[in-house]
Structures are given as structure tokens and as C-alpha cells.
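The values are calculated or read from the model by the stated rules, or taken from the named source; none is laboratory data. None of these values were measured; they are calculated from a predicted model. Every residue, glycine among them, receives a Cβ derived from its backbone with ideal geometry; neighbour counts consider all protein chains shown.
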Amino acid sequence: MKNCMPLLLLLLFSPILLSGQQEAIAYQTILEDKNGDKLIALRTEVQVVLRENSINGDIAYSEMHTTTTGLNGELSLEIGRGAPQSVEFREVDFTKPIYVELNYRPLIYPNFFSNRGSELLAVPYAIFSLRTKCDQGCPGEKGKDGAIGVKGPQGPQGPQGPQGPDSAQGTQGPDGIPGMLALELTNEIPSSPEENEIYLDDGANRLDAKPGYRQFSNGQWIDL
């Protein structure tokens, strides 16, 4: 078995409050070996130790977890929800500087490894606030949302807005085909016709052999 000491990289360390006002602190890390290879999907025993005042200070609290690293070697814990080894988590005095030590052993390794971590730079205010006593009683938990009220009556119609400006006049369209009121039936095709000239044929020159109009367009007569 490859004997190398994994290194612990701290990603996230933030206070949270869990259901039922149970105190806990979210703690996420990535486990890598000395070559930078991530320890992926490993069942791991973890001991979390909180020390007071310095990294070598007195132990204020310790607990055990058994968990599994993720596909990127990440390890997620909730400090305060493990199995306590001495005092309860609620007895930790967060008014003092607190340092985190992590001892862990992937089950494929025979020994525990240790990482002293660093000081809690962000005081868990949510936990500190929960423990603070109020002079005249602390606010209770938020109650459930009330039922939705009935729909109110429709308000009065607002005043009519001002009339918009007139739009610009459009361009004049092309002249239409000259009227055909004076046309009479004929079987003679007009000679020297003009473009778009129309006459009323008696059917002698139409393809359908029925009376109807014919128009001169692009040098030829077209049945309409």
C-alpha cells in the first residue's frame, strides 16, 4: 500500500443552526495526498477537535464522525452533530479564540493522520446569539404564514390618458385601371393598343370562348 500522508485543504467553515435550534457548524474540506491526488470516495473516520486560545491550547470539545469523501475528494461535516467524546457542543465558549484540529483515517489506511487547521476567524454569531439571554425575553420562533386573504374589490377606473399625436400621412398609391363603363362587346382586337388598355371581347378571341375583358400588358393580350 502506498504510504503517504494526506493533506487537508479548508474550503468552507461557516456557522449554521439546524432544525429544532440544534447548534452546528458547517465544515467542508478536500482531502489530497502529498502528490496532489484527491482521496476520492473513501469511507473515512474523522475526529474533530476544538482547542481554546491557540492551536496547542486546551481541548474545548471533540467528536467523531464516519463519512465518505465525494467524487472530488470533498469531505462535508456538521460540527456539533457528531458523537461527543467529552462535553456537549453547547458547552463550548465561543467568546474565546477557537482553533480547529482534524484527525482522520480513510479505512484503507492503518493510522490516523492529523491536520491542525487554523483559527475560527468568523465567530459563529448565530450560535453566540442563540445563547445570549435577553433582558425582557428573547423573540420566539417565526410562526407559520397565515391564510391568504380574500380578493379585494376592483378599484375605480382611472382617467383616460391623453390622445396621442396624429401619424404622418402615407404616400399616395398608384393610379388604378381606367373604368370600363363605356366598353361594348366586340370581336375585334384593338389595333395599336396602349399598355394596360382594356376592351370587352364577345368571346371570339378569349381562350374560354366566353364574353369577358382582355388587357394589353407587356406586348400581349391577356384574358381577365
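Picking from I40, I55, I108, which residue would you name as being of a type in the set (A, V, I, L, M, F, W, C) and under 36 Å from the mean Cα position of the chain (by Cα)?
Numbers: I55 fails: under 36 Å from the mean Cα position of the chain (by Cα); I108 fails: under 36 Å from the mean Cα position of the chain (by Cα).
Just one listed residue meets the conditions, I40.
What number of residues within segment 69-95 are assigned to a loop (DSSP other than H, G, I, E, B) and over 16 Å from E23 (Cβ atoms)?
First pass over segment 69-95, keeping only residues assigned to a loop (DSSP other than H, G, I, E, B): 69-73, 80-82, 85-88, 92-95.
Then keep just the ones that are over 16 Å from E23 (Cβ atoms); that gives 69-73, 85-86.
Residues that pass the stated criteria total 7.
Right, P6: modelled with pLDDT under 50, buried (at least 16 other Cβ atoms within 10 Å of the Cβ) and in contact with a helix residue (DSSP H, G or I) (Cβ under 8 Å, 6 or more places away or on another chain) or not?
On the way: modelled with pLDDT under 50: yes; buried (at least 16 other Cβ atoms within 10 Å of the Cβ): yes; in contact with a helix residue (DSSP H, G or I) (Cβ under 8 Å, 6 or more places away or on another chain): no.
Criteria not met by P6.
Looking only at segment 90-117, count every residue that is free of Cβ contacts under 8 Å to residues at least 60 places away in the same chain, among the charged types (D, E, K, R) and touching an Asp or Glu at 6+ places or on another chain (Cβ under 9 Å) and tell me the total.
2
With small (G, A, S), closer than 19 Å to G82 by Cα and at pLDDT 85 or above as the only criterion, which of S19, S14, S62 stands out? Steps first, please.
On the way: S19 fails: at pLDDT 85 or above; S14 fails: at pLDDT 85 or above.
After applying the criteria, what remains is S62.
What is the one condition in (1) among the charged types (D, E, K, R); (2) at pLDDT below 75; (3) within 24 Å of E88 (Cβ to Cβ) that E119 does not satisfy?
Every listed condition holds for E119 apart from (2).
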